[in-house]
Amino acid sequence: SRLPTSGTISAGTIYAMTVLALVVLLLSPPASAFVVEHRRGRVPFAPATSLRAADGPVEDAKRAAAGFLAAAALWSSPSLLSSLPVADLRGGTGGTAYAKEMASGSGSRVNKDAESLLRYGLPINNKEVRKLQAALETVRQDIVSKRTGAAQDGSKISRGMLKSKVAEMTKSCVDPKACAEIIARMSEDLTPLDEALDEAKGFQLGSQQQGTALDKAAVAQSVLSKQLTTLEEGMVPKGYTTPVPDQYKDLPQLQGRATVEFVIKKTDGAPFDIQGVNFPEARLKMVIDGYNAPVTAGNFVDLVLKNFYTEMNIQRSDGFVVQTGDPKGEADGYVGTPSKSIGQGRHGERLIPLEIFVKGDKGPFYETTIEDDGRGGQATTLPFSSYGVMGWAREEYDANSGSSQFFWLLFDSDLTPAGKNVLDGRYPVFGYVVEGADYLADVKEGDVIVSAKVLQGAENLRQPSSP
């Protein structure tokens, strides 16, 4: 409900209420911004709530009151709480709250583009192609913002780089000739973009004609972005593998990437309502990233190939996440041959270690969170900053309790601010939805995954061997 705007609560009263609210929060058990656990039934996943679902009505009331009072304080003076270290109030570390301009950080512009985040997650080292990426992605942002002139400037910069930096970019490619051909096609495909932008600039701002022209520009920019992805993928060193400790060799590993498709339907045959348009099914295409999460991604792709998720229900949809992976029966995850180093769950579940990859490191670290490793606030290579980002669920207090349950985060920068949440570095990101993410808004508990298959990249899966 909306807070009153008539000023019936004095500033002094608001301040006193805020202090009381903060005291209540500080006296409560430590809480993360979000908790994603894999337990039977519904699990807690709400801002600034208890780590456990069954704290009781008194605890629930305390936190509800604290949340209302804090909100009232923000209504009266938004700056009152913005200067406080948010993560400290929630049991985290102040470094997280103050992180600036990190990949999972809280700069003035948060990168919410899944395909862009995947490009930045590639293990390549070429400054010129990163400059080209920045220019082309800025064009996309300018098109969305109807900043036609700025988009034209970005297109001009991109054209100049594609003409003058060919040698600098192709020197990083496994096949320089193939990369040169991609660059040549990109130069040609800038023409439809420029034509659409010229057309848009000739129409009145906000007119239907301008909108149509900008739609053409967006399509042209999307074509260029896909070519850019192919170009950058060609720069990954031949035979590159992400280093993984030998003790995890008896777990599946994805060395590279794979594309997975899920098709979800409602049990009663009802359509998916996406902004007033009905669709008979939800079709999600996901890129699973073994460069940055080889064990987690390998575990997921292995389960998809085993048809583990086929005909499984969606078990949670609460506006924050959509979650699945809990099989029928007493087991909380996939029952299979366990890793010797990690062991098995209570009911024979194959468990995998928590896997976190910090930007700048040579590989992931395992079995501990980023805070417990003393690196709170540092950027992860793949951040929780895109709608439909995929994370691996686990028990809150057991880093190595993940098995088969995962979630799609319904990213909202107000509820899960990039760089200020405690998902980054506590749960591994192993992929992003690159097509069909909007369907997640109407995926509900009980909906069924009627199809789960690997479209590309199955050959990158390495099956277990003796450690």
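The values are calculated or read from the model by the stated rules, or taken from the named source; none is laboratory data. If you're wondering where the values come from, they're calculated on a predicted model, not measured in any experiment. In this analysis, Cβ positions are derived from the backbone assuming ideal geometry, glycine residues included, and neighbour counts consider all displayed protein chains. Ligands, DNA and RNA are excluded from the accessible area calculation, which covers all protein heavy atoms including side chains. Shrake-Rupley method; radii C 1.70, N 1.55, O 1.52, S 1.80 Å.
Quick notes on this structure:
- Residue, surrounded by the fewest Cβ atoms within 10 Å (Cβ to Cβ), within the range 142-165, restricted to residues that are under 25 Å from E233 (Cα atoms) and in contact with an Asp or Glu (Cβ under 9 Å, 6 or more places away or on another chain): K156
- Test: residue in the range 268-279 that is more than 19 Å from the chain's Cα centre (by Cα), buried (at least 18 other Cβ atoms within 10 Å of the Cβ) and not in a strand (DSSP E or B): no
- Flag for E330 being out of contact with any Lys or Arg (no Cβ under 7 Å at 6 or more places or on another chain), touching a residue at least 12 places away in the same chain (Cβ under 8 Å) and open to solvent by 50 Å² or more (accessible area, probe 1.4 Å): yes
- Residue selected from the range 361-391 under the condition of a type in the set (F, W, Y) and touching a residue at least 40 places away in the same chain (Cβ under 8 Å), by the criterion most open to solvent (accessible area, probe 1.4 Å): Y387
- Search result, residues across the range 100-115 that are within 17 Å of L409 (Cα to Cα) and either at pLDDT 95 or above or surrounded by fewer than 20 Cβ atoms within 10 Å (Cβ to Cβ) (or both): V110, N111, K112, D113, A114, E115
- Hey, V358 open to solvent by less than 10 Å² (accessible area, probe 1.4 Å), at pLDDT 95 or above and farther than 19 Å from V443 by Cβ or not: yes
- Condition met for V174 (open to solvent by 20 Å² or more (accessible area, probe 1.4 Å) and farther than 24 Å from A218 by Cβ): yes
- Some residue of the range 294-304 being assigned to a strand (DSSP E or B), touching a residue at least 12 places away in the same chain (Cβ under 8 Å) and crowded, with 24+ Cβ neighbours inside 10 Å: no
- If you go through the range 408-467 and keep only what is among the acidic types (D, E), open to solvent by 50 Å² or more (accessible area, probe 1.4 Å) and at pLDDT below 95, you end up with D412, D414.
- Of the criteria (1) open to solvent by 30 Å² or more (accessible area, probe 1.4 Å); (2) part of a strand (DSSP E or B); (3) of a type outside the set (A, V, I, L, M, F, W, C), which one Q323 fails: (1)
- Pairs with Cβ under 6 Å, 6+ apart, first in the range 443-455 and in contact (Cβ under 8 Å) with a residue 24 or more places away in the chain, second surrounded by fewer than 16 Cβ atoms within 10 Å (Cβ to Cβ) and of a type in the set (F, W, Y): none
- Residue match in the range 118-138 (condition: modelled with pLDDT of 95 or more, among the small types (G, A, S) and closer than 17 Å to I183 by Cβ): yes
- Tally of residues being of a type outside the set (S, T, Y), farther than 16 Å from G388 by Cα and touching a residue at least 60 places away in the same chain (Cβ under 8 Å) across the range 259-282: 7
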